Amino acid sequence: MSRPSAKSPSPPHGDTTSAEGAWAAKMERLRRRPRSRKKLRVCDDDSLRRRLEEAEQAARRARFLAETSPDDGAAAGQAEEADAAVEAARAALDDASDFLTFLALPRPVLEDLIAEHPPTEQQASGGAGFNPDTFPAALIAAASLDGMSEAEAAELLATWSAPDANALWEAAWQVQQESRVELGKD
């Protein structure tokens, strides 16, 4: 019994150049794909967050009323006003916020970083794949597009509240785990 060839089937004679060109173009697009980014909003003004949530709820209600009464010009106008209120509330929240942006690292860089922070024997026996005491600050600094140093990341992790420190870590870690591809069916 002959073994199937590992090579892809050859295109019909004459189509070789167009198939090679199509593949080259596809490969170039794949090479140029931007890596994933994740933003973390830091804002201490809860009233601005609540204002945005309330404006979004009011806008949903106004849009619902406008959609259920398409001939009602007043309802359509209220929906537009509600959408404008959402944009104003979002702009106010954005103005009062700081954003930290994290970038997905190339796989070999992430693997090297993990290897630089191996778990202790006790951490490894608990299933840890890296040292949870040293790796988070290193990853945050490596993935930061804002120029945060490892020492600065360690400081924030140590001085912020547990939920805020967890959100900082999760923003840097989650972007490393984000997939933008899916397996399709033939």
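The values are calculated or read from the model by the stated rules, or taken from the named source; none is laboratory data. Since this is a predicted model, take the numbers as computed values, not measurements. Quick reminder, even Gly has a Cβ in these numbers, built from the backbone with ideal geometry, and neighbours come from all protein chains shown.
So which residues in the range 157-174 are closer than 21 Å to L105 by Cα, of a type outside the set (S, T, N, Q) and out of contact with any strand residue (DSSP E or B) (no Cβ under 8 Å at 6 or more places or on another chain)?
L157, A165, W169, E170, W173
Condition first: within 19 Å of the chain's Cα centre (by Cα) and of a type outside the set (A, V, I, L, M). Now tell me which residues in the range 112-164 satisfy that.
P136, S144, D146, G147, P163, D164
I need the full set of residues from the range 126-150 which are in contact (Cβ under 8 Å) with a residue 12 or more places away in the chain and of a type outside the set (A, V, I, L, M), in order please.
Correct list: G129, F130, N131, P132, T134, F135, P136, S144, D146, E150.
Within the range 63-83, can one find any residue that is under 28 Å from L168 (Cα atoms), of a type outside the set (S, T, N, Q) and in contact (Cβ under 8 Å) with a residue 24 or more places away in the chain?
no
Show the residue pairs meeting these rules: Cβ distance below 6 Å; 6+ apart or different chains; first residue within the range 27-51 and in contact (Cβ under 8 Å) with a residue 24 or more places away in the chain; second residue assigned to a loop (DSSP other than H, G, I, E, B).
Close Cβ pairs satisfying both conditions: R35/A104; S36/A104; S36/E178; R41/S97; C43/A96; C43/S97; D45/A96; L48/A96.
Just to verify a result, which residue in the range 84-111, among those that are free of Cβ contacts under 8 Å to residues at least 40 places away in the same chain and closer than 18 Å to K39 by Cα, is surrounded by the most Cβ atoms within 10 Å (Cβ to Cβ)?
Ranking the candidates gives R90 first.
Check the range 47-61 and report whether any residue there is more than 30 Å from D95 (Cβ to Cβ) and in a helix (DSSP H, G or I).
For the range 47-61, residues more than 30 Å from D95 (Cβ to Cβ) and in a helix (DSSP H, G or I): absent.
Kindly indicate whether G77 is at pLDDT below 95 and loosely packed, with under 15 Cβ neighbours inside 10 Å.
yes
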